[in-house]
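Take a look at the structure set out below.
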Amino acid sequence: MNTTVTAVPPAPSALAAEHFAAEFAFETDCWDVHDALAKGADFVLLDVRGPALFARGHVPGAINLPHGKIVRSKMSEWPEGTIFVTYCAGPHCNGAARGALRLAELNLPVKIMAGGITGWMDEGFELATG
């Protein structure tokens, strides 16, 4: 008996390994960001939500840069080769992807922090305010 889960068989293992390994080039998770921030991050963390949401609570060390304001002139403030990590409210929000797309279109290296604020809080990490 096939369920909707098994009606389409899984990909061959080699193809699955290639696919899942590639995901790490596009995203990181809250735990790894938290660990990197504690050790001295080698990236810039961008909260791409609006200023009011940022003020209510954000990842400590994040810079508020709403995705609509990611433009070449603003991004030139950072040295060439700077890696950016974007996040938004959480899995129900596509702001992190919008910000990442804008950065990629500017030829800047970027990843998304999967889970956003929701994931950060699910891990038990504190938010900064103000």
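The values are calculated or read from the model by the stated rules, or taken from the named source; none is laboratory data. The structure displayed is predicted, hence computed values, not measured ones. Backbone-built Cβ (ideal geometry, glycine too); neighbour counts: all protein chains shown. Just so you know, the surface numbers come from the protein's heavy atoms only, side chains and all, with ligands and any DNA or RNA stripped out. Shrake-Rupley method; radii C 1.70, N 1.55, O 1.52, S 1.80 Å.
Contact annotation: residue pairs with Cβ atoms under 6 Å, 6 or more positions apart or on different chains, pairing a residue in segment 101-130 that is under 12 Å from residue 59 (Cα atoms) and open to solvent by less than 50 Å² (accessible area, probe 1.4 Å) with a partner that is assigned to a strand (DSSP E or B) and of a type in the set (A, V, I, L, M), are 113/85. The residues on offer are 58, 67, 92, and the sole one that is in contact (Cβ under 8 Å) with a residue 60 or more places away in the chain, within 23 Å of residue 121 (Cβ to Cβ) and not acidic (Asp, Glu) is 58. Among what's in segment 1-22 and is open to solvent by 100 Å² or more (accessible area, probe 1.4 Å) and part of a loop (DSSP other than H, G, I, E, B), pick the residue that is nearest to residue 110 (Cα to Cα). Ranking the qualifying residues of segment 1-22, first place goes to 10.
Summed over segment 95-110, the residues that are at positive phi and part of a helix (DSSP H, G or I) give a count of 0.
Kindly provide the set of residues from segment 70-94 that are assigned to a loop (DSSP other than H, G, I, E, B) and within 21 Å of residue 36 (Cα to Cα), ordered by number.
78, 79, 80, 81, 82, 83, 88, 89, 90
Summed over segment 69-88, the residues that are buried (at least 17 other Cβ atoms within 10 Å of the Cβ) and of a type outside the set (Ser, Thr, Tyr) give a count of 5. Taking segment 33-64 as the range and being surrounded by 15 or more Cβ atoms within 10 Å (Cβ to Cβ), of a type outside the set (Val, Ile, Thr) and part of a helix (DSSP H, G or I) as the test, the residues that pass are 34, 36, 37, 53, 54. The number of residues in segment 90-122 that are within 17 Å of residue 70 (Cβ to Cβ) and among the small types (Gly, Ala, Ser) comes to 7.
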